[in-house]
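Before any comments, here is the structure.
The values are calculated or read from the model by the stated rules, or taken from the named source; none is laboratory data. Since the structure is predicted, the reported quantities are computational estimates derived from the model, not experimental observations. Counting neighbours? That spans all protein chains shown, and the Cβs are built from the backbone with ideal geometry, glycine included.
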Amino acid sequence: MYKRYDQFTLNLLRDALTRAADAETEVPVPSAPPQSIDVFCVPNPARAAELARLGLLGELVDGPTMFEPFHGTPSLERVQNCLRKQLNWQHVLELRADADRRENGRGGGGTGGRRWGGGARSRDPAGGAPPGAGRDQPGPAGDGPARI
């Protein structure tokens, strides 16, 4: 832990929880086995006209995008694997951006981009679904496209 109050909070939680559960602090998290993104693309602004000609597919690629097609409804395990893959990729990009900032004084936020799995759009901090995409399939909160 970096701060004394963080360590205090961890110890407080651990001590309180050990009355009713097995609780540990600073539990190491092993790295997950390597995964591959099915398709990852970053649009090239110089080829925006070509992207526009792709129609809906071009609209899906309005920023860094992952595609994870499924031939059927994915199981919970497959969805969790896809989420882990996207979060790990986002972490890799953030580490790269941080290293770039340190070395060159530049680099943007290392976002893992948008993720599409089996046609369902994930929400991300940069925005929601493109116009008309998945509007007929509400997500868990009923507020837009189904989320993976």
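Within the stretch 24-51, restricting attention to residues that are among the small types (Gly, Ala, Ser) and modelled with pLDDT of 90 or more, which residue is surrounded by the most Cβ atoms within 10 Å (Cβ to Cβ)?
Taking the stretch 24-51 as the starting set, the residues that turn out to be among the small types (Gly, Ala, Ser) are 31-32, 36, 46, 48-49.
Add one more test, that the residue is modelled with pLDDT of 90 or more, and what stays is 36, 46, 48-49.
Working: 36: 6, 46: 7, 48: 11, 49: 8.
Ranking the qualifying residues of the stretch 24-51, first place goes to 48.
Please verify whether the stretch 64-81 includes one or more residues that are under 25 Å from the mean Cα position of the chain (by Cα) and basic (Lys, Arg). First the steps, then the outcome.
Keep residues of the stretch 64-81 that are under 25 Å from the mean Cα position of the chain (by Cα), which gives 64-81.
Now drop any that are not basic (Lys, Arg), which leaves 78.
Checking the stretch 64-81: at least one residue is under 25 Å from the mean Cα position of the chain (by Cα) and basic (Lys, Arg).
Okay, residues lined up against (1) touching a Pro at 6+ places or on another chain (Cβ under 7 Å); (2) over 22 Å from residue 93 (Cβ atoms); (3) without any contact (Cβ under 8 Å) to a residue 12 or more places away in the chain; (4) small (Gly, Ala, Ser):
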site	(1), (2), (3), (4)
43	no, no, no, no
50	no, yes, yes, no
55	no, yes, yes, yes
59	yes, yes, no, no
66	no, no, no, no
70	no, yes, no, no
73	no, yes, no, no
78	no, yes, yes, no
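Just checking, does the stretch 7-19 include any residue being surrounded by 15 or more Cβ atoms within 10 Å (Cβ to Cβ) and touching a Phe, Trp or Tyr at 6+ places or on another chain (Cβ under 8 Å)?
Looking for residues that are surrounded by 15 or more Cβ atoms within 10 Å (Cβ to Cβ) and touching a Phe, Trp or Tyr at 6+ places or on another chain (Cβ under 8 Å), one finds none in the stretch 7-19, hence no.
Can you tell me which residue among 137, 86 is of a type in the set (S, T, N, Q), modelled with pLDDT of 90 or more and either assigned by TED's automatic domain parsing to the domain that holds residue 39 or touching a helix residue (DSSP H, G or I) at 6+ places or on another chain (Cβ under 9 Å) (or both)?
On the way: 137 fails: modelled with pLDDT of 90 or more.
Checking each option against the conditions leaves just 86.
Quick one: in the stretch 53-92, of everything that is of a type in the set (Asp, Glu) and not in a loop (DSSP other than H, G, I, E, B), which residue is surrounded by the fewest Cβ atoms within 10 Å (Cβ to Cβ)?
Step one: filter the stretch 53-92 for residues of a type in the set (Asp, Glu), giving 59, 62, 68, 77.
From what's left, not in a loop (DSSP other than H, G, I, E, B): 59, 68, 77.
Working: 59: 15, 68: 22, 77: 8.
The qualifying residue surrounded by the fewest Cβ atoms within 10 Å (Cβ to Cβ) is 77.
In the stretch 2-14, is there at least one residue being modelled with pLDDT of 90 or more and assigned to a loop (DSSP other than H, G, I, E, B)?
no
Go through (1) at pLDDT 85 or above; (2) part of a loop (DSSP other than H, G, I, E, B); (3) not small (Gly, Ala, Ser) and name the single condition residue 130 misses.
It is condition (1) that residue 130 fails.
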